[in-house]
Amino acid sequence: MPNQWCGWLLVALVAGCGERSRLTFEDGGPLDQTPPVAVIDEPGEDTVLTDGPQFLVGARVTDEGGVDTVYVDLEGADHELHPLTGGGRDTVLVGIPIVTLGNHGRTITVQVFGVDLSGNRGQRAIRKLTIE
């Protein structure tokens, strides 16, 4: 009896193979290959800061496909910033605090870049801040 069931099962599987539709997946369209764009708005160029009050660097990262992560590198600073989650938004605004007090004579290089939801990495926006 078990052999009879196995035989019928084999016949059903073989006969069904020609009748079944194969799984197909729709093409999601062209892949996003455009990287995010990072811009440092404030200051608009390399600049000299006065030793004393904290300074806030203003930056933004944009991508039509959605920003995944924003990275900020601070060379010459005593602190670092963790990556920021973009949450898929098309524009992410970032305020980067720069401590100037006690940093007379130091140059801090601020670099900002983003990665989009497709994994494309954008170019770095760079500013040099000299503290006098």
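The values are calculated or read from the model by the stated rules, or taken from the named source; none is laboratory data. This is a predicted model, so every value here is computed, not measured. Cβ sites come from the backbone with ideal geometry, for glycine too, and all protein chains shown count toward neighbours. Calculation scope for accessible area: heavy atoms of the full protein, side chains included, ligands and nucleic acids excluded. Shrake-Rupley method; radii C 1.70, N 1.55, O 1.52, S 1.80 Å.
Of all residues in segment 75-99, which are assigned to a loop (DSSP other than H, G, I, E, B) and in contact with a Ser or Thr (Cβ under 7 Å, 6 or more places away or on another chain)?
Within segment 75-99, 76, 83, 86, 90 qualify.
When the residues of segment 119-132 are filtered to those that are in contact (Cβ under 8 Å) with a residue 60 or more places away in the chain and open to solvent by less than 70 Å² (accessible area, probe 1.4 Å), which remaining residue is farthest from residue 44 (Cα to Cα)?
Here the answer is 120.
Can you go through 48, 110 and tell me which one is surrounded by 14 or more Cβ atoms within 10 Å (Cβ to Cβ) and part of a strand (DSSP E or B)?
Exactly one of 48, 110 is surrounded by 14 or more Cβ atoms within 10 Å (Cβ to Cβ) and part of a strand (DSSP E or B), namely 110.
Just checking, does segment 93-103 include any residue being at pLDDT 95 or above and open to solvent by 60 Å² or more (accessible area, probe 1.4 Å)?
yes
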